[in-house]
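The values are calculated or read from the model by the stated rules, or taken from the named source; none is laboratory data. What you are looking at is a predicted structure, and each value in this text was computed from that prediction instead of being measured. Cβ placement follows ideal geometry from the backbone for every residue including glycine, while neighbour counts extend to all protein chains displayed. We work out accessible area using only protein heavy atoms, side chains counted, and drop any ligands, DNA or RNA first. Shrake-Rupley method; radii C 1.70, N 1.55, O 1.52, S 1.80 Å.
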Amino acid sequence: MGRQMKVIAVGLPLFAKRLAKSLGNFDKSNSYTWLNTYYSKIDKLKARFLIPRAECIISINGSIETSKVFDLALNRKIPLIMIWVGTDVITATAAFKSGKYRKDYIENAVHFCEVNWIQDELKAIGINADIVNFASFDKKFQLMNPISQKFTVLTYIPNQRSEFYGPNLFLNVARSFPEINFIIAGTKAEEYQPLPENVKALGWVEDMDSLYADVHLCVRIPEHDGLSTFILESLARGKDVIYKYPFDYCLQAGNEMEFKSVLQSRYSLFLNGLWDSNRSGAEFIANEFNSTQILGELKKRIIEITKRD
């Protein structure tokens, strides 16, 4: 049995922490550590000592602008994997167009992304990225029709940069369908006053399972997106999903008019007693996004990159 491989996850704290934990649970033979190099002074200090001793660095967030963490890895020839997730591509595209970017990051890092539209955007700035996912779902959900007698639509809009995630579009559609319930998770009602009577804004929700249980359809139409965890979680629970981008077992709508049209069609099924859970979507997540598939592939890629046995 070979020496334990040390892998460090950095980048967006929520996702990097989750990935390190998931990989650690999946692969007990190697070491996976998360460092919050964005916001923790202690972790920034730890990075100086731990990164030079690691076999691989994974960043959940790509960048072609100077990063002390990336320099620390690449200067010591430690393999660096950048997993591009969405907004980072917009930032990188602006840096590329302005000429203020690091060519060595493009050439010397290994680049992954989750979906083909991000892959295409990266290709336009000279980055060849393989599609490799990192979010895995093993929990099985019982697919049941929601308790609510009213058709209910859910979206998630975070507190930061909330306007980026299409709240006005969502509220406009809600006003056009007063007979449907609309729910916003992530931001509070005061962000949108006055709210239409058929809209609730709940702020941060601890128990998303209970919320999902009363929802028929989930929607996400932001200005730009990678593969949203909200979309994957909604599919895993057998929900109808309206998404800005073409994705398996989702209904596509890129603007307000398309959203209204798709919503009307699903609502008509509900009124006629024909609405059912998105069983194909739930099966797709169970088969393609379980830890064996997702984390197994990621571990294989790490081993190939580090040239470990």
If I ask for residues that are within 24 Å of the chain's Cα centre (by Cα) and basic (Lys, Arg), which ones from the range 258-309 would you list? Arg279, Lys299, Lys300, Arg301
Within the set of pairs 6 or more residues apart or between chains, which connect a residue that is small (Gly, Ala, Ser) inside the range 187-206 to a residue that is open to solvent by 100 Å² or more (accessible area, probe 1.4 Å) with Cβ atoms less than 8 Å apart? Ala189/Lys200; Ala201/Lys188; Ala201/Glu191; Gly203/Lys188
Any chance Ser162 is modelled with pLDDT under 85 and within 24 Å of Phe15 (Cβ to Cβ): yes
Of residues in the range 234-260 being buried (at least 23 other Cβ atoms within 10 Å of the Cβ) and of a type in the set (Ser, Thr, Tyr), the one nearest to Gly281 (Cα to Cα): Ser234
Taking the range 1-44 and keeping only residues that are in contact with a Lys or Arg (Cβ under 9 Å, 6 or more places away or on another chain), closer than 25 Å to Phe137 by Cβ, touching a residue at least 60 places away in the same chain (Cβ under 8 Å) and open to solvent by 30 Å² or more (accessible area, probe 1.4 Å), one is left with Phe26
Residue ID - farthest from the chain's Cα centre (by Cα), chosen from residues in the range 68-91 that are assigned to a helix (DSSP H, G or I) and closer than 22 Å to Ile221 by Cα: Thr91
Ile302 versus (1) out of contact with any Cys (no Cβ under 7 Å at 6 or more places or on another chain); (2) touching a residue at least 40 places away in the same chain (Cβ under 8 Å); (3) surrounded by 14 or more Cβ atoms within 10 Å (Cβ to Cβ): which is the lone unmet condition? (1)
Count of the range 177-199 residues which are loosely packed, with under 14 Cβ neighbours inside 10 Å and either touching a helix residue (DSSP H, G or I) at 6+ places or on another chain (Cβ under 8 Å) or under 14 Å from Leu154 (Cβ atoms) (or both): 0
